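Just so it is clear, none of the values below were taken in a lab; they were calculated from the coordinates. Keep in mind it's a predicted model, so treat the numbers as computed, not measured. Every residue, glycine as well, gets a Cβ built from its backbone with ideal geometry; the counts of neighbours run over all protein chains shown.
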């Protein structure tokens, strides 16, 4: 047994272990298996998995896929388990994230064909995780790939949060916001989702790619101001894309969230992993090591620099121990950004605010193992980091935190994790004791 100060843990190694414990708790394969054990189905004829965690989620469901069943996996480059590539009944599509490309449109068309081709007795399990919005898309004729890319880049770079970005995506998409499953004519569809949305709303994960196929008009309302470029693109639409309605006769059971029609088609949707589960796992790991957990809460859903100030204030004035924060910050990018992502910028911004403080170490990282358009998950910093090399302020202003952190050994690289529940910031504050005390 040991305390936070006697003996002291090695902070960077401990924070990495803590972060990994959080990620393991929401890993896709395990989360799917647990959900299947709890609520079924016991067997399926079709499996559709889309998102950054699609590959590992798919592995959790393959044991219940019929021997002659079909499986389609759509995921990000480099996020595919090699075992899936060698299965005859599994088709894998690697697509682009965070900015969609032609593969995203090809994936959207293939997903629609996959759903439309299912016979009347089909039982579909759909697995959705963060990243799905960019990885697959179908567009109305008035909008092309270039416009989609410009719109996505503009919304991300101007600091719009995920709910706003997904609202725009749903307003133009021919498959999001419930429109993909409106084409399902089989017997039953179950949707399991790993949430990368602050309020864990299934209708927003992947822009509602796994919603029940009966979106309301409010799904397409945009009640916030948009950049001129995005407004211009949306203004070119002749009308709001509308979904094909589900078969008539639907009734809603609000308690079970299951939708049935007279032809026995039914839908069941469930969030199976989330940021809150990951945060709780990090706290549990620390407690098992006899580390005091001072705070565990959602606190990242704001501008990167506001988040950095808020977290730094709490840690600096707070008690020794572990601080666990979750969510997804936003960042306004310069016209020509450098290398990095929101977590790398957040880590460096925190490093500036804790400069000179002894005994404080912080990791900020995306649970998917990637941060923006980089291979790093985020950064690890302490009170000495910011002054370790000149140019830190310039790196922050130029959104080039990744380049700077790499030079001082502050970049955190984990590789793909098999999940995506937004971001985690975990801080360890140890008492500042002089040697020999």
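Quick rundown of the values:
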{"item": "Centre separation in Å (Cα based) which lies between segment 42-79 and segment 291-364", "result": "35"}
{"item": "Top of 192, 412, 285 by mean-square fluctuation, Gaussian network on the chain, Cα under 10 Å", "result": "285"}
{"item": "Spin-label pair residue 89/residue 270, simplified geometry with 7 Å Cα→Cβ offset, distance in nm", "result": "2.2"}
{"item": "Segment 37-92 shape via C-alpha gyration tensor axes, a/c threshold 1.5", "result": "oblate"}
{"item": "Relative contact order computed over the chain (Cα-Cα under 8 Å; 6+ residues apart), in percent", "result": "17"}
{"item": "Fewest-first ranking of 56, 330, using other Cβ atoms within 10 Å as the exposure measure", "result": "330, 56"}
{"item": "q = 0.06, 0.08, 0.11, 0.14 Å⁻¹: log10 I(q)/I(0) that the Debye formula gives for the chain, counting C-alpha atoms only", "result": "-0.26, -0.46, -0.83, -1.23"}
{"item": "Two-site label geometry, residue 102 and residue 394: point separation in nm, points 7 Å out along Cα→Cβ", "result": "3.9"}
{"item": "Ordering of 170-178, 314-322, 136-144 by burial proxy (mean other Cβ atoms within 10 Å per residue, highest first)", "result": "170-178, 136-144, 314-322"}
{"item": "Gained length - residue 225 relative to residue 121, 0.36 nm times residue gap less alpha-carbon distance", "result": "33.0 nm"}
{"item": "Over the chain: helical MRE at 222 nm, DSSP H runs n ≥ 4 each giving -39500 (n - 2.57), nearest 500", "result": "-9500 deg cm²/dmol"}
{"item": "Residues 187, 87, 169, sorted so that the one with the fewest Cβ neighbours within 10 Å comes first", "result": "87, 187, 169"}
{"item": "Computed FRET value (nearest 0.05) for residue 34 with residue 82, which takes r as the C-beta separation and R₀ as 30 Å", "result": "0.80"}
{"item": "FRET efficiency, residue 141 to residue 316 (Cβ-Cβ, R0 56 Å, nearest 0.05)", "result": "0.55"}
{"item": "Point-to-point label distance, residue 413-residue 298, nm (Cα→Cβ direction, 7 Å offset)", "result": "3.3"}
{"item": "For segment 268-286 and segment 146-190, distance of Cα centres in Å", "result": "25"}
